[in-house]
Structure formats: C-alpha cells, structure tokens
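The values are calculated or read from the model by the stated rules, or taken from the named source; none is laboratory data. Computed from a predicted structure; not experimentally measured. Glycine gets a Cβ as well: all are built from the backbone with ideal geometry, and neighbour counts include every protein chain shown. These accessible areas exclude ligands, DNA and RNA; they are computed on the full protein's heavy atoms, side chains included. Shrake-Rupley method; radii C 1.70, N 1.55, O 1.52, S 1.80 Å.
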Amino acid sequence: MSATTKRWRLKPPADPAAVAALTHGRSPRSLATLLAQRGIRTAIEARDFYRPSMAHLHDPFLMKDMEQAVERIEAALEGGETIMVYGDYDVDGTTSVALVYSLLEPHAKRIHHYVPDRYSEGYGISILGINRAKELGVTLIIALDCGIKAIDQVAYAKEKGIDFIICDHHTPGERLPEAVAVLDPKRKDCNYPYKELSGCGIGFKLMQAFAARKEIPFSEIEGALDLVAISIGCDIVPITGENRTLAYFGLQRLNEHEARPGIKALLSFSNHKRPLTVTDLVFVLGPRINAAGRIQHGQQAVELLLAKDEKEADHIANLVDANNKERQVLDKGITDAALAMFDSEEYLQGAWSTVVFNPEWHKGVIGIVASRLIERHYRPTVVLTKSNDLVSGSARSVKGFNIYEALDACSDLLERYGGHMYAAGLTMKPEMVEGFRDRFEKVVRETMDESLRMPEEEVDLEIGLGEIQEPFFRALQGMEPFGPENMKPVFLARGVTARDVRLLGNDGTHLKFKVTAPNMPEQDLDAIAFGQADHLEMVVGNQPFSMLFTIEENHWNGRVKLQLNVKDIKPGTENLLVNEPAPDMESTSA
C-alpha cells in the first residue's frame, strides 16, 4: 500500500495539567505526554503503571452473581456432583476451559471438559453438548467465553436437571439466561470496576473468588496466569487496567518460569526464543492453538494445554502443528479465490463493503480470509460458506466501524449472530445470502463515515531524532505489555534524510537505511521499512522526507543497537497530519 493511500492522524492533545505534573528530570515532556495520553494523571498513577502489582486486581466478589456462582460450585463439590467445564473452540475459550478445569479438578470427584465442534455444533452452548452432559450425569455446567445469549439452551438444560454458571464477556441482550449465576461485567446491573476482561479473565476471577472462599493461597492459582495472558493477547481485548496487570504477570510466568509442557512444545515448532511479548502470543501461539478447532477439534487444544508431561505434550503438539500447516494451505487457497472475485463480480467494484460466498470454502479459515481481504481491499468484510443446511460467515471490520451493530441492523435476515466491534460470526439460510449482501452494503454506506474508508496510522507524538537515546527507550519498554488502548508508541519525525539505502529480502520488498536529521548530521540511526520498497524514490538522493516509526532493539552478531521500525513514509514535511478528532472509535464489545 503506497504512502498516498494512508492517513496519518495525530492523537488528541494530552491534558496539559497531567503533562506538567508528570514532567521531571527522569520523565521528559515527551515521555510525560505519552503517559498522559494513556490516562495517567499523577506521579502515583505513573508509579503504579510502571510497577504492576497483584494488589491492583479487583475483589472478584464485586462482580454481579459471583457469590451465587461460588456457592453453587461449593455445593457441587461437597455433594459429589458431576461438573462440566464448557468453552468455545477459539483461543479464549480453550484457555478458559484449561484454566478452570485444572484449578477445579483437584477438588472434584467427577469433572469433565467440553468444547463444541465448530462444524456440527457451531459457536456457543449447543443442545448436543447439553445432551452429552446429561449422558455423563452432569448437574452443573460452567460455561466460559460463551452463553450470554443462550436463553433457550439454558432453559433446555434446566428441564434436564442441569444448572448453568455463565462466564462471558460479550455484550448481553435484553434478557439474560436463567442461570444460577451470570458473570459478565458488561451486564447493565454489574458494578464491577473493569469491563473489558477476556472470557478466560472472567474464568480466572471465578477461580480467584473460589480460592478466597476456600482459603486457598493465591500462589496456587497464579500459575494459570499464563493462560490468561494468552487469551488477552489473542482475543484482542484492551490491555488497560486489570487486563494489563493480568497480562504483565502472565507474561512473567511464561518468561521467567518453566513453561507448561504444552506451551513449551508449541514454542519448539516456532523456533521462537523467549522473552515472549503480546505480539508473540498473537502470532506465534494463537494461530497454533486456534488451528485445532479450525481443522480438527478444539478439544485437542484443551488437552495440549492440560498435558502434564513432555511426551504427551509433544504428541499433541505435533497434531496441532500439522493442523496449523493445513490451515495455512487452506487460508492461501481461499484468499486467492476470494480476491479473484473482485475481478469477476461487478458489484464488488464500487462497493463500500465486501461480501463473498462460496459453499465449498472451509469454515475453519474464513475468519482469517476476511482479515486478509481487508489488507487488500480496505472495507468491512463478510466471508460466507455452506455449513450443513445453513450459510455460516465470519465478519471483520476496519478501524472505527462497529461491524456487530451493522449485523444487528440485518438481524431479520440472520438465524444467529454475535461478536465484537471488529469481529463477529453469523448464520443465515441460503436464500438470504443475496438479500443480506444488499442490506449489509446499504447499512455500511449509511452508517460508516467516509473517512474510515482510508487506512490510518495513529501518531502518538512528533519527536526529534536526538531524543532517541537509551534511557528514553528503556522508559518505553516499561510501558509494556503493549496492545489495544496501550499500543506501542508511534512517532513522527519530519524533514529527515537517508543514506546507505538498500533493498532487502529475497524479492527486494524491504528498505534498509540510515536516517539523520538536519540538526544532527553527525549522528544517524538504523531504520528498516518492511514491505515498503515502493518508497525507495522518496528516500534516495538526500531529499527530505517524513516518517512514522516505532523504536526497537536490533540484535545482530552479539551486538544490540536501537533501530527505527518505519511504519510509513511521505515526501516533504508539510500537510502530513489529520488533527481533527477521529470518528467514534469506542471499542465496546458485543
């Protein structure tokens, strides 16, 4: 994508009073501004931000229905009841199941874990799963990362003598299921202080409450924070507040302790060495864990995460890695076929949205394909395929557009739908596909601000290259873990020049150069611009240009140097930024 097709938007100005309060010798104005942009107002808040503590975790009993949930679990354990831990087949769901099952199993006489089949049961609570629970003699199901809209299924289970505890983080509908307890901070009547937990995070809060009630030391459950961190990264929830604390200590578990056998086995296939970051959780571990549910069965991922010895873990990890390789082949083939439709289907040419359908596509990878299509054609996208007698789809959105609300406006054409602002799933009857395509396009045109049709790079701060010193970089590292709403800072430098410019990569798609500013010609910094060979003419010939970048360390031949990771380049120095407020981009989930 060329520089002319990207918008650079400067973040709104930080509160001047907060910047002034945070500026001192060790925290220059630029760093204070970054902190203030993240909602930090005082030195005490800055200290807490840089030094996460388990003391920052909220009392789990502040969550609506937590008391009832813990009491029901205690009654089930004391009465020797059979419990089922039930979760979705994605990373958040499978980590949730592994966490709750592993922490309850030592206390239970009979406990099972269950993940629905993506193809025969679909997302969420299934009648097939409830029937299986009945066969096993289950009287209590703990549902994780799903269930908030399962009104009919919970009623059916009640008729079968099965109680439900629901732990979900999606936005509820007008009615709640008649479960013993519904744990969801997004309930209108829930006053829990933090609303953006992952499904696994809510499972952890349930276990935190259970441990507190049973006087189990916190140290006995904190080993499960590695699973919480993986869920937070892979479910793309905000890394703020309690999520940031959970992710921080979860990453610490992964990096400073012996990894659980299943995680260690997965990492061996990636050739990735620790320390792991949130980015590694998303791109190294996440796709492999997800591949189990996409290609075979999500139960495989749970068994891998629960594996107690290396031999068992290695065996399952081999199966999971094979699934991931198959997923990659399917992903590429379907993406290529979908992209070809843009040349052959006239309606896609001038559309604001993308809806593509092929009954033969593999259901397990259509969500990935939707994301790939957005990389090439930047629009809200729905990819559909046949699933049993219905059409199933995955929806992905562009920055700032709530795709769940767009699906909600098409609800009369759908059998089921659910998800978040940026990702959702849907099911419809085959005869509704054309009508849905037309309605979805109409909704997108009527509700999406035209500015959102252009991809955007958000700029935290304009700085001079002279500010990029080791102490400044160390302070940036202290802001980790990075992720949604606490992204790695993106900086703007104007009027810089380059030397030693060269192309890298087997196909010459990357740019490598040294960059300097007019006021510091004797100093330069290494810079790399991945996939930006089309910017070569802008940076050669000692002509000034402007660039967006993040700061990182480059490790090479035993040497460590600061390096700029260039996100985008534009010629000249003027008229680069959009300064008006962005359209409503609140990241409420659904």
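Laid out as a table, the results:
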| quantity | calculated |
| --- | --- |
| Residue 498 vs. criteria part of a strand (DSSP E or B) and open to solvent by 10 Å² or more (accessible area, probe 1.4 Å) | yes |
| Single residue of 86, 50 found to be of a type in the set (Phe, Trp, Tyr) and touching a Phe, Trp or Tyr at 6+ places or on another chain (Cβ under 6 Å) | 86 |
| Every residue from the range 178-211 that is open to solvent by 10 Å² or more (accessible area, probe 1.4 Å) and either touching a residue at least 24 places away in the same chain (Cβ under 8 Å) or touching a Phe, Trp or Tyr at 6+ places or on another chain (Cβ under 7 Å) (or both) | 178, 179, 180, 186, 187, 189, 191, 193, 194, 196, 208 |
| Verdict on residue 21 being open to solvent by 10 Å² or more (accessible area, probe 1.4 Å), free of Cβ contacts under 8 Å to residues at least 40 places away in the same chain and hydrophobic (A, V, I, L, M, F, W, C) | yes |
| Pair list, Cβ under 6 Å, 6 or more apart: the range 289-317 residue free of Cβ contacts under 8 Å to residues at least 24 places away in the same chain, other residue part of a helix (DSSP H, G or I) and open to solvent by less than 10 Å² (accessible area, probe 1.4 Å) | 300/292 |
| Filter pass, residue 243 being open to solvent by 10 Å² or more (accessible area, probe 1.4 Å), within 30 Å of residue 57 (Cβ to Cβ) and polar (S, T, N, Q) | no |
| Residue selected from the range 218-240 under the condition of a type in the set (A, V, I, L, M, F, W, C), under 27 Å from residue 371 (Cβ atoms) and part of a helix (DSSP H, G or I), by the criterion most open to solvent (accessible area, probe 1.4 Å) | 234 |
| Tally of residues being in contact with a strand residue (DSSP E or B) (Cβ under 6 Å, 6 or more places away or on another chain) and not basic (Lys, Arg) across the range 390-412 | 9 |
| Matching residues, the range 379-426, being open to solvent by 30 Å² or more (accessible area, probe 1.4 Å), over 19 Å from residue 338 (Cα atoms) and assigned to a strand (DSSP E or B) | 390, 416, 417 |
| Any hit, the range 104-118, residues being buried (at least 23 other Cβ atoms within 10 Å of the Cβ) and over 23 Å from residue 291 (Cα atoms) | no |
| Near pairs, Cβ below 9 angstrom, 6+ apart or cross-chain, from the range 79-92 (farther than 26 Å from residue 233 by Cα and free of Cβ contacts under 8 Å to residues at least 40 places away in the same chain) to any residue that is among the hydrophobic types (A, V, I, L, M, F, W, C) and open to solvent by 10 Å² or more (accessible area, probe 1.4 Å) | 80/108 |
| Filtered residues of the range 29-48 (kept if without any contact (Cβ under 8 Å) to a residue 12 or more places away in the chain and open to solvent by 60 Å² or more (accessible area, probe 1.4 Å)) | 29, 44, 45, 47 |
| Whichever residue in the range 515-526 is open to solvent by 30 Å² or more (accessible area, probe 1.4 Å) and free of Cβ contacts under 8 Å to residues at least 40 places away in the same chain and, among such residues, is nearest to residue 559 (Cα to Cα) | 524 |
| The lone exception for residue 283 - which of (1) surrounded by fewer than 16 Cβ atoms within 10 Å (Cβ to Cβ); (2) at negative phi; (3) more than 22 Å from the chain's Cα centre (by Cα) it fails | (3) |
| Residue satisfying all of: in the range 287-299; in a helix (DSSP H, G or I) and surrounded by fewer than 22 Cβ atoms within 10 Å (Cβ to Cβ); nearest to the chain's Cα centre (by Cα) among these | 287 |
| Any hit, the range 9-26, residues being farther than 27 Å from residue 128 by Cα, touching an Asp or Glu at 6+ places or on another chain (Cβ under 7 Å) and part of a strand (DSSP E or B) | yes |
| Residue match in the range 482-496 (condition: of a type outside the set (D, E, K, R) and farther than 16 Å from residue 550 by Cα) | yes |
| Residue satisfying all of: in the range 109-164; charged (D, E, K, R) and under 28 Å from the mean Cα position of the chain (by Cα); nearest to residue 416 (Cα to Cα) among these | 149 |
| Those residues of the range 527-538 which are free of Cβ contacts under 8 Å to residues at least 40 places away in the same chain and in contact with a Ser or Thr (Cβ under 9 Å, 6 or more places away or on another chain), in sequence order | 530, 531, 532, 533 |
| Filter result for residue 215 (part of a loop (DSSP other than H, G, I, E, B) and either more than 24 Å from residue 81 (Cα to Cα) or open to solvent by 30 Å² or more (accessible area, probe 1.4 Å) (or both)) | yes |
| Residue selected from the range 501-514 under the condition surrounded by fewer than 12 Cβ atoms within 10 Å (Cβ to Cβ) and out of contact with any strand residue (DSSP E or B) (no Cβ under 6 Å at 6 or more places or on another chain), by the criterion farthest from residue 554 (Cα to Cα) | 507 |
| The range 562-580, residues that are modelled with pLDDT of 90 or more and either of a type in the set (Lys, Arg) or within 30 Å of the chain's Cα centre (by Cα) (or both) | 562, 563, 564, 565, 566, 567, 568, 569, 570 |
